[in-house]
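Student: Structure provided below as structure tokens; questions to follow.
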Amino acid sequence: MRQRPTHYRPRHTDSPAQQAAIGETGVSALKLLPAPQLAQAMSQLTRRLRDEPNTASILDVITTAAVAAVPAADYAGITQANGHCVDALAPTHQIVDILDEMQAKLRQGPYLIALREQHTVSIPDMGVETRWLPFTARALELGMGSMLSLYLFTCDDTAATLNLYSRDRAAFTEDDVILAGVFATHAGIAVHSAIKRQHLDQALVSRDLIGQAKGILMARGNITGDQAFDLLERVSQRTSLAVVNVARQLVTAHSRPKTASR
């Protein structure tokens with residue numbers, strides 16, 4: 001029986017969102033399901049993820065479910081890249097946090113290939129892999145034997161991978177790779193939808209704020225809507241703030257209680 005490393009304490013993964021996702025989709029039993037039931041369970045998982053309140057919660061559920069679903073996976077994490085900024089997110093264990101962040105700092109590792117080429121990158125044996133020696137050496141020190149990095153999604157300027165780690169060398173079988181790929185496809189669709197929904201919500205909020213700010217300026221200066229927007233743009237250029245932030249400041253200041261004059 002394999003022993004878990006003792007030099008790091010696992011992160012707790014029993015948040016309400018994670019337990020709800022696992023309980024409602026039966027994700028812990030995915031590895032035992034034949035293909036038709038597996039497809040149904042994955043679809044249920046995707047629908048469940050769509051109901052999560054925010055992207056962070058979705059990512060937490062994905063990494064927890066991935067470890068439960070893929071037989072060889074001991075730990076999981078998500079790497080998200082936005083321009084030159086890379087974040088290691090939703091690790092199920094501190095070891096994942098260390099290794100995913102190390103790839104980001106080194107600007108080299110399997111997740112970068114998975115992001116760029118949009119396919120699965122495998123490290124069957126950390127001990128013989130020669131492509132990313134600083135990374136694999138550190139992984140071996142932390143007790144990791146093999147790894148999969150799976151492309152999740154690209155949305156606007158953001159892309160992400162799902163990284164699965166095993167303590168055993170040559171742990172991920174062909175079936176594991178196929179199952180992980182199916183899982184990543186469904187998970188990627190859910191995250192992509194969540195990000196699009198979040199962007200839409202932000203756009204609606206921005207439009208509402210700008211509309212309120214225009215109304216305030218129109219009432220104050222007896223000007224048209226176009227003139228009010230031009231004024232917001234001029235303040236934006238002068239202060240180097242986005243128009244929506246200028247509008248937010250104006251609306252906030254307008255809604256503060258007025259101090260009674262003596």
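Student: Under 7 Å by Cβ, and 6 or more places apart or on different chains, what pairs join a residue from region 81-92 that is in contact (Cβ under 8 Å) with a residue 12 or more places away in the chain with one that is exposed (fewer than 13 other Cβ atoms within 10 Å of the Cβ)?
Tutor: Asn82/Asp157; Gly83/Asp157
Student: Which count do you get for residues in region 102-129 that are touching a Pro at 6+ places or on another chain (Cβ under 6 Å) and at positive phi?
Tutor: So the count comes out to 0.
Student: Against the definition (open to solvent by 20 Å² or more (accessible area, probe 1.4 Å), under 19 Å from Pro91 (Cα atoms) and either under 22 Å from the mean Cα position of the chain (by Cα) or touching a residue at least 24 places away in the same chain (Cβ under 8 Å) (or both)), how does Asp168 come out, yes or no?
Tutor: For Asp168, the condition - open to solvent by 20 Å² or more (accessible area, probe 1.4 Å), under 19 Å from Pro91 (Cα atoms) and either under 22 Å from the mean Cα position of the chain (by Cα) or touching a residue at least 24 places away in the same chain (Cβ under 8 Å) (or both) - is met.
Student: Hey, another quick one. Has region 178-190 got any residue that is out of contact with any strand residue (DSSP E or B) (no Cβ under 7 Å at 6 or more places or on another chain) and among the hydroxyl-bearing types (Ser, Thr, Tyr)?
Tutor: Checking region 178-190: at least one residue is out of contact with any strand residue (DSSP E or B) (no Cβ under 7 Å at 6 or more places or on another chain) and among the hydroxyl-bearing types (Ser, Thr, Tyr).
Student: Is there any pair with a first residue in region 53-70 that is closer than 19 Å to Tyr151 by Cβ and a second that is β-branched (Val, Ile, Thr) whose Cβ atoms are under 6 Å apart and which are 6 or more apart or on different chains, and what are they?
Tutor: Final answer for the pair search is Ile58/Val191; Leu59/Ile78; Thr63/Thr92; Ala65/Val27; Val67/Thr92; Ala69/Val27.
Student: If you don't mind, another one. Restricting region 222-241 to residues that are of a type in the set (A, V, I, L, M) and assigned to a loop (DSSP other than H, G, I, E, B), which is farthest from Arg207 (Cα to Cα)?
Tutor: The extreme case among them is Ile223.
The values are calculated or read from the model by the stated rules, or taken from the named source; none is laboratory data. Values in this document were obtained by computation on a predicted structure and should not be read as measured data. Heads up, the Cβs are rebuilt from the backbone with ideal geometry, glycines too, and the neighbour counts pull from every protein chain shown. Ligands, DNA and RNA are excluded from the accessible area calculation, which covers all protein heavy atoms including side chains. Shrake-Rupley method; radii C 1.70, N 1.55, O 1.52, S 1.80 Å.
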